[in-house]
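All remarks here apply to the structure that follows.
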Amino acid sequence: MPPDAASREARLRLGGATQLTETNRHLEGLPMFDTLVQDLRYAVRMLRKRPGFTATAVLTLALGIGANTAMFSVINAIFLRPLPFSEADRIYVVHRIGNRFGGTSLSMPIFLAWQKPGTEFFDHLALIGWKNASTLTGHGEPERIPSAGATSELFSVLDVHPALGRNFRPEETRPDGADVVIVSDRLWRRRFQADPGVLGTSIQIDGRPHGIVGVLPKDFEVPLTGASDADLWLPIRVPFTSTNPSNGGLLCVGRLRPGMTTASAEDALTRPLADLRQQFPNMFMPEERATLEPLHAFITKGAGTVPLLMFGAVALVLLIACLNVANLTLAASTTRVREIAVRAALGAGRPRLTRQLLTESVVLAVIGGAAGVAVCYAFFDAIVALVPAGTPHIGSFQIDRRVLLFALVLSVLTGLLFGLAPALGASGLDSNAVLKSANPKGGSGRQGRLRQALAANEIAISLVLLIGAALALQSFDRLTRIQPGFDSSSVLTFRVEIPAQRYATPAARQSFFDEAVAGLSTLPGVERAAVVNVLPFQGGTDTLFSMEGRTGSNQSDRGAANVRRISPDYFSTLSVPVQSGRTFSDRDRAGTLPVVVINRAMARAYWADRDPIGQAIWIGKPMGPASTEPAPREIVGIVGDIRESSLARLPEPTLYIPYPQSPATAGGAFVVRTTGRPLNLVPDVRALVHRIDDQLPITSIRQMPDVVASSAVDWRFRAVLLGAFGVLALFIAAIGVYGVISYSVAQRTHEIGVRVALGALRRDVLGLVVWHGMRTALIGIAVGLAGAYGLTRLMANLLFDVSATDPLTFFGIALLLALVAVAACVVPARRAMSIDPMVALKYE
């Protein structure tokens with residue numbers, strides 16, 4: 001047939017599109033899709049018809065979903081993102097448990113003992129070692145570059161191959177191996193302008209020439225603290241034998257062979273520890289054994305529970321937002337009862353009506369989710385900046401496809417959550433009763449009670465969040481009031497690392513520090529200057545020491561303390577008080593009587609029954625010739641306590657050694673007390689150091705108050721985020737209370753008009769409306785107090801100097817929430833007071 005005739009005949013036989021749709025309603029797929037499209041179009045029209053309701057709901061959901069999306073991006077980077085290595089489930093961290101000192105770092109003898117049995121169970125076994133930074137000179141200005149060490153097997157364990165060049169060779173990790181380096185992609189692009197010809201060129205690292213043998217792939221990162229930002233990878237020298245079990249700081253990783261079990265590998269690696277225990281009985285405990293831990297688990301456990309706590313708090317904010325929007329939706333649905341009744345009378349069943357109302361809720365939630373993602377994008381950098389720098393994470397914090405998918409799924413689930421109750425309530429109306437009613441917009445008593453219950457729950461959850469936030473803020477405030485034990489005001493700090501290759505002798509190193517400190521002291525605006533190997537709050541580990549004359553007593557003759565190597569003016573520069581004896585002077589130099597100054601905490605811990613002045617100690621393991629230092633040191637003074645590790649921790653035993661008597665140190669942090677603004681002195685400091693040696697970079701330039709504040713960065717993270725979530729929850733709950741009372745006033749306009757017409761005073765109307773709202777608020781406060789009493793105990797270990805059930809905090813937050821509820825009731829109450837009885841009586 002001709003095309004036109006065939007088309008006409010087909011339409012005659014098959015019927016029109018509407019007829020086909022109705023005839024084939026029993027079929028699945030297309031009719032349902034057609035209905036869904038109709039529901040979506042209708043939902044969009046209804047949201048456009050109510051701009052006030054839509055804007056309020058979208059804003060509320062955007063705050064809740066946006067905050068959850070931002071926190072999920074943090075959780076994703078820390079806990080969920082897979083390692084960027086092939087077959088990462090076969091990569092394990094190998095360490096020991098039950099050892100004397102704890103931790104996961106190893107010494108070289110342990111690694112050497114594990115190498116032979118390790119070849120049976122591992123494809124590759126390697127070491128990672130890290131340092132703060134290395135000094136890079138040549139190809140530009142001198143600078144400190146983050147660096148890490150690795151044996152030749154590390155990149156095989158991770159199954160990573162350089163983008164340019166090669167990996168380390170085994171002979172390069174031997175004591176006499178060549179000095180080579182592998183650089184990161186970002187350093188290659190920044191420092192060497194992405195020059196492919198960089199391979200084979202020589203650069204100066206810590207004063208020694210190193211040949212560049214490789215450039216790592218662009219996205220390569222080892223997500224371990226100390227190695228994640230490394231731009232220089234240097235070979236770890238593995239000796240043929242080693243007899244120094246205390247030389248730790250190494251992490252062992254291995255790729256387990258297919259078919260091998262972790263239990264069998266652990267048993268095989270535990271046996272060498274028993275042999276080492278016989279060699280070094282003081283360094284190994286009888287119960288020590290080897291253990292294998294998946295690399296992903298090892299990385300994520302370092303984050304602790306704080307990110308999960310934050311995610312739980314922000315989830316409560318979203319729950320409050322859902323309750324609030326559910327309340328708004330319930331109120332809005334009562335204005336549509338006639339529409340719903342007419343639809344039901346025309347044949348729409350309850351499932352059909354429920355689906356339509358849920359579609360509207362989901363569309364609203366998706367719009368709110370999109371706005372939330374936009375909010376997340378806008379404030380993402382500020383949120384990530386609050387994450388403590390030491391928090392381990394896999395890859396960068398970013399809003400990737402997984403985070404966007406989370407936002408979409410969360411939006412849909414949120415729409416179903418807050419829309420289900422209003423949809424079921426509205427679709428279950430008696431259409432006959434509604435169509436006969438004189439007030440078809442009136443809400444049922446059941447719906448009113450449901451709205452009050454939702455508002456009460458909002459207040460209860462808000463109270464829990466606010467109490468948690470108040471406790472965290474109190475902890476942070478009290479922590480920042482703790483005195484560190486020294487005067488940090490007007491003090492400038494910076495660090496200089498001196499390469500051992502260029503300052504090979506103790507005299508050369510001492511000469512540099514003496515000249516630098518003397519030069520700093522003569523600068524205009526400088527009162528005093530000193531140098532220390534490690535600043536307070538910047539790390540350090542316990543060092544063993546032995547005490548003279550304790551053998552045979554009821555106390556141990558050994559102890560452990562932090563060690564600080566300082567110049568004579570260190571205590572006066574930081575205004576640390578001298579409690580007893582003396583401090584160091586220029587006479588305490590190499591070749592003179594070895595001396596040491598201790599803090600009060602050390603004196604109380606080890607010499608509570610005697611005066612420690614004049615006592616002798618050995619720095620190292622056992623006393624005598626086998627100690628680190630051949631001669632004992634005499635205690636010549638006691639100084640006040642400095643909180644060396646954290647403001648939240650009590651001062652720990654610390655001993656101070658004069659710099660000239662500890663020549664091993666190759667770097668130091670300078671402290672300079674100034675008469676003006678410390679940072680104004682930076683140009684003069686740079687000029688002075690470069691005048692002494694223009695190849696030495698100056699790093700970590702900060703004011704001492706900033707160094708002290710860095711100790712509380714984790715506490716600030718918790719306090720700021722919990723505080724923000726608490727304020728957000730309070731804001732949303734206030735909107736919820738306002739919405740309930742405002743709607744109640746609108747529904748009771750006729751009743752209020754009758755009361756006023758019968759003689760009710762304005763203050764009576766005010767009291768009626770406010771009490772109606774406060775009754776809901778007080779119920780929520782009571783429930784919230786009970787919930788907070790149980791839940792805040794979970795964060796007891798995250799608090800400082802404040803009880804998890806502090807009564808003043810509970811009472812104060814409850815009072816604050818009550819006042820906010822009163823304020824939320826006042827506006828609709830004033831509107832109720834202004835109702836004209838004549839207008840109200842004619843209302844219907």
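The values are calculated or read from the model by the stated rules, or taken from the named source; none is laboratory data. As the structure is a computational prediction, the values presented were derived from the model and not from experiment. Here the Cβ positions follow ideal geometry from the backbone for every residue, glycine too, while neighbour counts run over all protein chains shown. Areas reflect the complete protein model, heavy atoms only, side chains present, ligands, DNA and RNA absent. Shrake-Rupley method; radii C 1.70, N 1.55, O 1.52, S 1.80 Å.
General remarks:
- Only lysine pairs 8 or more places apart or on separate chains count here, and in the chain those with Cα atoms under 28 Å apart total 10.
- Highest average packing first - 265-271, 81-87, Cβ atoms within 10 Å: 265-271, 81-87
- Computed FRET value (nearest 0.05) for residue 348 with residue 8, which takes r as the C-beta separation and R₀ as 41 Å: 0.70
- Across the alpha-carbon atoms of segment 454-577, the computed radius of gyration and Dmax are 23.7, 76 angstrom.
- Fraction of accessible area attributable to carbon and sulfur, segment 235-374 (%, probe 1.4 Å): 62 percent
- Residues residue 293 and residue 420, FRET efficiency given R0 of 51 Å [Cβ-Cβ distance, rounded to 0.05]: 0.70
- Across all directions, the shadow cast by the convex hull of the chain built on its C-alpha atoms averages 52.6 square nanometres.
- Förster radius 22 Å - calculated FRET efficiency between residue 699 and residue 487, Cβ distance, rounded to 0.05: 0.40
- Residue-span extension gain [residue 280 to residue 827] - 0.36 nm each, minus C-alpha spacing: 189.1 nm
- Kyte-Doolittle mean at least 1.0, axial Cα span of 30 Å or more - DSSP H helices of the chain: 51-75, 306-333, 350-386, 401-427, 713-747, 807-833
- Charging the Cβ of each Asp and Glu at -1 and of each Lys and Arg at +1, and nothing else, the dipole of the chain about its Cα centre rounds to 3220 debye.
- Sum of -39500 (n - 2.57) over DSSP H runs of 4+, divided by residues of the chain (222 nm, nearest 500): -16000 deg cm²/dmol
- Apportionment of accessible area to carbon and sulfur, segment 562-711, percent (1.4 Å): 52 percent
- Each of residue 45 and residue 1 was given a label point 7 Å from its Cα along the Cα-to-Cβ line. The distance between the two points is 3.6 nm.
- Take the chain with all the other protein chains still there, run a 1.4 Å probe, and you get 45 Å² of accessible area per residue.
- Mean Cβ neighbour count within 10 Å, used as a protection proxy, ranking 144-150, 667-673 highest first: 667-673, 144-150
- Ranked by how many other beta carbons lie within 10 Å on average, peptides 524-532, 256-264, 467-475, 227-235 from highest: 467-475, 227-235, 524-532, 256-264
- Whole-number D in µm²/s for segment 285-365 (Stokes-Einstein; Kirkwood sum over Cα pairs; 10 °C, 1.306 mPa s): 90 µm²/s
- Distance cut-off 17 Å, percentage of C-alpha pairs in segment 45-180 lying past it: 77 percent
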